[in-house]
Amino acid sequence: MAIASLARPESRPDTTPPIDLVALAGNTLGNRDLEREVLRMFKAQSRSMMSRISSEMTSAVRSDLIHTLKGSARAVGALQVALVCEGIEAELAADHDPTLISLKQAVADANSYIEDLLDG
């Protein structure tokens, strides 16, 4: 299966990886080239989105940006990023000013994992 070549489980700790490679394969129909391109796009988009989310002062716009990032995260199997986005969306909907620390960490973890996959 194409996923096995990307996963390199022997180099990963015994924790849930930041990217669900089975979900990624399902969303890309197992096309390795498409998997790599989708991962590259997510990495670039997530960095851009984090910059925009951090600097945006309008709650409605921040919510839209978080929602977009959540959808992108789900598409590549970055489930922790998507879960953190859901929590932030809920806080924004309740008119709270959420901290972005957990989102920054989840995105950093996902992007580091993606770099390992693409460089390996």
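Out of curiosity, is L92 over 14 Å from K43 (Cα atoms), open to solvent by less than 80 Å² (accessible area, probe 1.4 Å), in contact (Cβ under 8 Å) with a residue 24 or more places away in the chain and not aromatic (F, W, Y)? Criteria met by L92. Each residue in the stretch 1-22 was checked for being modelled with pLDDT under 95 and assigned to a helix (DSSP H, G or I), and 9 of them qualify.
Close Cβ contacts (under 8 Å, 6 or more residues apart or on different chains) running from residues in the stretch 23-37 that are in contact (Cβ under 8 Å) with a residue 40 or more places away in the chain to residues that are not in a helix (DSSP H, G or I) comprise A23/G77; L24/G77; N27/G77. Checking each residue in the stretch 60-69 for being open to solvent by less than 70 Å² (accessible area, probe 1.4 Å) and either more than 14 Å from the chain's Cα centre (by Cα) or over 21 Å from L117 (Cα atoms) (or both) picks out A60, V61, R62, S63, L65, I66, T68. Restricting the stretch 36-59 to residues that are hydrophobic (A, V, I, L, M, F, W, C) and either surrounded by 15 or more Cβ atoms within 10 Å (Cβ to Cβ) or modelled with pLDDT of 95 or more (or both), the residue that is farthest from the chain's Cα centre (by Cα) is I53.
The values are calculated or read from the model by the stated rules, or taken from the named source; none is laboratory data. Keep in mind that what you see is a predicted model, and the values were worked out from it rather than measured. Because the Cβ atoms are built from the backbone with ideal geometry, glycine has one as well, and the counts that use them run over all protein chains shown. Just so you know, the surface numbers come from the protein's heavy atoms only, side chains and all, with ligands and any DNA or RNA stripped out. Shrake-Rupley method; radii C 1.70, N 1.55, O 1.52, S 1.80 Å.
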